[in-house]
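**Student:** Okay, here's the structure, questions in a sec.
The values are calculated or read from the model by the stated rules, or taken from the named source; none is laboratory data. Because the structure is a prediction, the values reported are computed rather than measured. When we count neighbours, we look across all protein chains shown, and the Cβ atoms used for this are built from the backbone with ideal geometry, even at glycine.
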Amino acid sequence: MAQITLKALAHTYSANPVQGSDYAIREMNHVWEQGGAYALLGPSGCGKSTMLNIISGLLNPSNGEILFDNKRVNELKPEERNIAQVFQFPVIYDTMTVYDNLAFPLRNIKVPEHKIRSKVNEVAEILELTDQLKKKAKGLSADEKQKVSMGRGLVRDDVSAILFDEPLTVIDPQLKWKLRRKLKQIHEQFNITMVYVTHDQLEASTFADKIAVMYDGQIVQFGTPRELFEEPAHTFVGYFIGSPGMNYMDARFSDGKLFFGEHELPVSASFLNQLTQADNGRLQVGIRPEFVQIWNKQQDGTIEVRVDYCEDLGTYKILTFTLAGQTMKARLSEDQKVPSDKAYVSFPKQWTKVYRDDFLVGDAQ
Ligand code: ADP
Ligand code: MG
């Protein structure tokens, strides 16, 4: 079991990198603490598999160091790093039985057969593979094969970490949910560092205590699901987490105030203070649909908007409206009256965030 540190790590697949976009991983520093249940969340192509393969040693980084418990492991081969990695598609031996597949990683390190038996039985039980143990892997369904593949990652409890690279892609939705819960249980039982790669926010937040959101070769935020929701550190996090994502408005800073079109936006003094002190770049103001307040009548500090339409999603509704030419969303409770044609909105200061060139300005609040 180990703490994994990535120090000034960068990777490019290009022979002659010239700009940031030539890098699959842009220079980063990151620590996966010993024993954490982590998700690495981001869209396809953002560099997630590249990072896992660098940690496990399948790939040598272009720059930087990988440290396990503060010891450099760059020169160690994958099998010397003591990492279990589970891939998107099953990696199993078709001609072996399920039992022998699960036993394989343990036999490799010469664990005595009686210990192997109890461990294989335990993992088979957790993954509901007990009835299949004697079958040849060849005859299994795609789901079952992937469970065996995951089982191979889980049999060793002496590993430094277990890395899962979108392991549930080929699994049907019902079973997916169950397996995610199981992984969480296994984590609680063995306290092994686990990094779970996914592009699905729900999958990330059910498995992980802390999520690293990756975008364009960078970890743009590392936080609890709640922090990602309440305090997105980058516009991508605001947009990617939540359904629908955060509303963003291009803003203008003038006379110590922030404006969207001719409307002054209510942001906290600390944001304004930080804007006064620096060159401003591209400014945007973000607010989540959950925090936009909608009124039928003009109130103090409300802005009139045009109501476009409202979708009823059963337990809540999403109102789409236009403010100064920009389409925005608000989440209404099921019993809230839906205004027609026009409505009045207000943005609570606490939930109105300011971004400069896509990054959250200073410490909010
Ligand atoms: P993810 O797992 O998040 O989908 P990857 O780490 O697979 O992302 O890929 C990151 C970027 O690196 C992508 O632009 C991808 O096209 C590129 N890439 C990945 N593997 C290779 C490779 N073997 N050779 C060249 N480019 C690659
Ligand atoms: Mg990938």
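**Student:** Can you report the number of residues in the range 126-179 which are surrounded by 23 or more Cβ atoms within 10 Å (Cβ to Cβ), among the aliphatic types (A, V, I, L, M) and within 16 Å of ligand 2 (Cβ to nearest atom)?
**Tutor:** 2
**Student:** Which of the residues spanning the range 35-49 are closer than 26 Å to Met1 by Cα, in contact with a His (Cβ under 9 Å, 6 or more places away or on another chain) and near ligand 2 (Cβ under 8 Å from one of its atoms)?
**Tutor:** Across the range 35-49, the qualifying residue is only Lys48.
**Student:** Looking at the structure I just gave you, is Pro17 over 30 Å from Asp200 (Cα atoms) and within 12 Å of ligand 1 (Cβ to nearest atom)?
**Tutor:** For Pro17, the condition - over 30 Å from Asp200 (Cα atoms) and within 12 Å of ligand 1 (Cβ to nearest atom) - is met.
**Student:** Tell me which of these Gly36 doesn't satisfy, since it passes every other one: (1) under 15 Å from Phe164 (Cα atoms); (2) more than 16 Å from ligand 1 (Cβ to nearest atom); (3) in contact with a Leu (Cβ under 8 Å, 6 or more places away or on another chain).
**Tutor:** So the condition that Gly36 fails would be (3).
**Student:** Something else: Would you mind telling me which numbered condition in (1) surrounded by 14 or more Cβ atoms within 10 Å (Cβ to Cβ); (2) assigned to a strand (DSSP E or B) Thr327 fails?
**Tutor:** With (1) surrounded by 14 or more Cβ atoms within 10 Å (Cβ to Cβ); (2) assigned to a strand (DSSP E or B) applied to Thr327, the lone miss is (1).
**Student:** Continuing with the same structure: Pairs needed: first member in the range 210-231, closer than 21 Å to Asn247 by Cα and free of Cβ contacts under 8 Å to residues at least 24 places away in the same chain; second member anywhere, surrounded by fewer than 23 Cβ atoms within 10 Å (Cβ to Cβ) and of a type in the set (Gly, Ala, Ser); C-beta distance under 6 Å; at least 6 residues apart or different chains.
**Tutor:** Within 6 Å, the pairs are Gln221/Ala233; Pro225/Ser205.
**Student:** Taking only pairs six or more apart or across chains, which ones have beta-carbon atoms under 7 Å, a first residue in the range 163-186 that is assigned by TED's automatic domain parsing to the domain that holds Lys147, and a second residue that is more than 16 Å from ligand 1 (Cβ to nearest atom) and β-branched (Val, Ile, Thr)?
**Tutor:** Cβ pairs passing all conditions: Leu163/Ile83; Leu179/Ile171; Arg180/Thr206; Lys182/Ile126; Ile186/Ile126.
**Student:** Still on this structure, I have one more. Name the residues in the range 189-224 that are within 16 Å of ligand 2 (Cβ to nearest atom), at pLDDT 95 or above and in a loop (DSSP other than H, G, I, E, B), would you?
**Tutor:** Asp216, Gly217
**Student:** Take the residues in the range 1-14 that are at pLDDT 95 or above and assigned to a loop (DSSP other than H, G, I, E, B), then tell me which one is nearest to ligand 1 (Cβ to nearest atom).
**Tutor:** Filtering the range 1-14 for residues that are at pLDDT 95 or above and assigned to a loop (DSSP other than H, G, I, E, B), the one nearest to ligand 1 (Cβ to nearest atom) comes out as Tyr13.
**Student:** Which residue pairs have Cβ atoms closer than 7 Å, lie 6 or more positions apart in sequence or on different chains, and pair a first residue in the range 46-66 that is farther than 8 Å from Leu9 by Cβ and modelled with pLDDT of 95 or more with a second residue that is part of a helix (DSSP H, G or I) and within 12 Å of ligand 1 (Cβ to nearest atom)?
**Tutor:** Qualifying pairs under 7 Å: Leu59/Thr50; Leu59/Asn53.
**Student:** Of the residues Ala15, Ala8, which is away from ligand 2 (no atom under 16 Å from the Cβ), in the same structural domain as Ile83 (by TED's automatic domain parsing) and at positive phi?
**Tutor:** None of the others qualify; the one that does is Ala8.
**Student:** Would you call Tyr38 of a type in the set (Ser, Thr, Tyr), touching a residue at least 40 places away in the same chain (Cβ under 8 Å) and over 20 Å from Ala204 (Cα atoms)?
**Tutor:** no
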